[in-house]
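Working notes, structure below.
The values are calculated or read from the model by the stated rules, or taken from the named source; none is laboratory data. Worth saying up front: this structure is predicted, and the values here are computed from it rather than measured. With ideal geometry, Cβ positions are generated from the backbone for all residues, glycine too; neighbour counts draw on all protein chains shown.
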Amino acid sequence: MKKIGIVGAGLVGSLQAILMARKGYKVEVFERRPDLREVEMIGGRSINLALSDRGWKALELAGVDQKIREIALPMFQRCMHDKQGNLSYQPYGVNNESIFSVSRGRLNQILMNEAKHYDNVDYHFNLKTKDVDLRDNTLVMQNLDKDIITYEFDKLFACDGAFSAVRSRLQRSAQFNYAQQYLTHGYKELEIPANLDGTHRLQNDCLHIWPRGEFMMIALPNLNGSFTCTLFFPMQGKLSFDSLNTAEKLMVFFQDYFPDTIELIPDLKADFFDNPVGSLVTVKCDPWQVNDDVLLMGDAAHAIVPFYGQGMNAGFEDCTVFSKMYEQANGNWEGLMKSFSDTRFKDGHAIADLALYNYIEMRDKTADPDFLLRKKIEAKFTRLHPDKWMPLYSLVTFSHTPYHEALANGLKQRALMDEVMKDPTIHDNWDDEVTMTKILRLLEKEKNHV
Ligand SMILES: Cc1cc2nc3c(=O)[nH]c(=O)nc-3n(C[C@H](O)[C@H](O)[C@H](O)COP(=O)(O)OP(=O)(O)OC[C@H]3O[C@@H](n4cnc5c(N)ncnc54)[C@H](O)[C@@H]3O)c2cc1C
């Protein structure tokens, strides 16, 4: 029987461990950190993620979706906060669909506990992968005493995140393409605690956004009544994490840009100065496999910026796609990792591009009347002609259409909507029949053109 190694007991590594165990393999998971289930109990900030349809599909496949539903809070719309504290809403779906806020720590714990239910899965903590010997399929690791531990595998899944050690090894092999790009913005987490009675201080079925052009803040609800806010902000410059270096400057800044949050975040100063600044990186590489024995998955294969809420979802979808291909091959491993990489890498690249585009959309355009009108027109057209139009956001978030197809479709839709928005009277007559007819005509023209 094949020995399967997994590097990284994060979200993707733990899910892949379950799926491989269900296929009957002996699975060893190697994680550089201590067991999250023990550390989390001691404390730590609650960080949440938006889980959507692609993620749910993988969780269903692994049989853990019901357990995750118990800790998931649905968010049906974006709630935008302007500087005056006025609120406006934008539904995520056209059919009342929602994305879900889940605690990253709890999700990871549940996945690990589920994986541990299988006798054929073993977790090894505090073992940092240093290298992989690709000639004899050996993983080279170091424990806390700095001893070198090795493990011989038949197949290895590298799920060791955006700064993957396994990928570093692949970067030194021939014909491996690699590109990495940092955003000039970073992020910091702040907390809106619950009311004394445990209720949320803001509407809890929304993802809240404070779009401010060059930067923005978002907040996702937690089960305990709190919200985790994330401030996405330039690293350096006149208004930046670098420049907000005193409590006084911080408070002036919040008073100017996020006045309605000052009361909501009582520990603003402590949160801001104690919590770390995270950086945001995009990694594109290919192929994702080497020798058909080692495969990169999740962030190790495609680290993306978080603005589409798709990083984890894309990683989970990697697991679904791999499992499906394994079943189609009737469990024959020959050429499997290569086929997976060949079909899937373009989806990794596409979601990376989409996520970068959505950054501009979230921080800048959610407050732009033209953009909001586009969304309204698209939503109306989708309701009237669901067979002819699915908005890009829905295609990415609420469908299983491959990301590269969603991106191509989105670009076509954008060009078509640019045409519609050229009408100088569009803000007055958008709701008229004539606008819908125009879209139909443009779609027909495009179809004939192809
Ligand atoms: C601010 C922010 C917000 C986000 N929001 C969302 C969201 O709303 N929705 C969404 O879908 N995604 C979101 N993401 C992306 C999401 O967090 C990642 O895509 C996801 O965590 C990837 O899972 P992974 O298992 O591939 O990697 P990770 O979660 O990074 O796990 C990698 C694991 O490998 C271990 N490891 C690393 N190096 C080694 C080594 N050398 N040896 C052994 N073990 C190692 C790590 O300790 C870790 O446990 C967000 C990301 C950020 C930064």
field: In region 173-214, residue surrounded by the fewest Cβ atoms within 10 Å (Cβ to Cβ) [restricted to those that are within 15 Å of the ligand (Cβ to nearest atom) and of a type in the set (D, E, K, R)]
entry: 189
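Residue by residue, here is whether (1) at positive phi; (2) of a type outside the set (A, V, I, L, M); (3) within 15 Å of the ligand (Cβ to nearest atom); (4) in the same structural domain as residue 287 (by TED's automatic domain parsing) holds:
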{"site": "320", "(1), (2), (3), (4)": "no, yes, yes, yes"}
{"site": "342", "(1), (2), (3), (4)": "no, yes, no, yes"}
{"site": "348", "(1), (2), (3), (4)": "no, yes, yes, yes"}
{"site": "354", "(1), (2), (3), (4)": "no, no, yes, yes"}
statement: Only one of 366, 425 is more than 24 Å from the chain's Cα centre (by Cα) and at pLDDT below 95, namely 425
statement: Here the qualifying pairs (Cβ atoms under 8 Å; residues six or more apart or on different chains; first in region 51-62 and away from the ligand (no atom under 12 Å from the Cβ) and among the hydroxyl-bearing types (Ser, Thr, Tyr); second modelled with pLDDT of 95 or more and assigned to a helix (DSSP H, G or I)) come out as none
message: If the requirement is being in a helix (DSSP H, G or I), under 28 Å from residue 161 (Cβ atoms) and charged (D, E, K, R), which of these qualifies: 256, 260, 271?
response: 271
field: Scope region 146-172; condition within 20 Å of residue 336 (Cβ to Cβ) and surrounded by 15 or more Cβ atoms within 10 Å (Cβ to Cβ); matching residues
entry: 153, 155, 156, 157, 158, 159, 166, 167, 170
query: Is there a residue being under 24 Å from residue 318 (Cα atoms) and within 11 Å of the ligand (Cβ to nearest atom) anywhere in region 136-148?
result: yes
message: One residue is enough: does region 386-408 have a residue meeting the conditions loosely packed, with under 15 Cβ neighbours inside 10 Å, under 27 Å from residue 51 (Cβ atoms) and among the basic types (Lys, Arg)?
response: no
message: For residue 274, only one of the following conditions fails: (1) exposed (fewer than 15 other Cβ atoms within 10 Å of the Cβ); (2) more than 21 Å from the chain's Cα centre (by Cα); (3) more than 30 Å from residue 197 (Cα to Cα); (4) not hydrophobic (A, V, I, L, M, F, W, C). What is its number?
response: (3)
field: Boolean, residue 355 is buried (at least 17 other Cβ atoms within 10 Å of the Cβ), within 27 Å of residue 55 (Cβ to Cβ) and in contact with a Pro (Cβ under 9 Å, 6 or more places away or on another chain)
entry: yes
query: Taking region 62-80 only, how many residues are within 18 Å of residue 375 (Cα to Cα) and either touching a helix residue (DSSP H, G or I) at 6+ places or on another chain (Cβ under 9 Å) or among the β-branched types (Val, Ile, Thr) (or both)?
result: 2
- request: Scan region 79-95 for residues that are within 21 Å of the chain's Cα centre (by Cα) and either without any contact (Cβ under 8 Å) to a residue 40 or more places away in the chain or assigned to a strand (DSSP E or B) (or both) and jot them down.
  value: 79, 80, 90, 91
All positions within region 290-308 that are within 6 Å of the ligand (Cβ to nearest atom) and either surrounded by fewer than 24 Cβ atoms within 10 Å (Cβ to Cβ) or among the β-branched types (Val, Ile, Thr) (or both): 306
query: Taking helices (runs of 4 or more DSSP H) that fall entirely within region 333-433, which contain at least 3 residues that are touching an Asp or Glu at 6+ places or on another chain (Cβ under 6 Å) and not β-branched (Val, Ile, Thr)?
result: 336-363
field: Matching entry among 295, 280 (being over 27 Å from residue 358 (Cα atoms) and in a strand (DSSP E or B))
entry: 295
statement: Subset of region 97-130, residues in contact with an Asp or Glu (Cβ under 6 Å, 6 or more places away or on another chain) and part of a helix (DSSP H, G or I), comes to 105
statement: Counting only residues that are closer than 17 Å to residue 301 by Cα, touching a residue at least 24 places away in the same chain (Cβ under 8 Å) and among the hydroxyl-bearing types (Ser, Thr, Tyr), region 334-372 contains a total of 1
statement: Counting only strands (runs of 3 or more DSSP E) wholly inside region 1-72, the ones holding at least 1 residues that are over 24 Å from residue 275 (Cβ atoms) and among the β-branched types (Val, Ile, Thr) are 3-7, 26-30
query: Can you tell me how many residues in region 324-352 are small (Gly, Ala, Ser) and surrounded by 19 or more Cβ atoms within 10 Å (Cβ to Cβ)?
result: 4
field: Every residue from region 80-103 that is modelled with pLDDT of 95 or more and surrounded by 19 or more Cβ atoms within 10 Å (Cβ to Cβ)
entry: 81, 98, 99, 100, 101, 102, 103
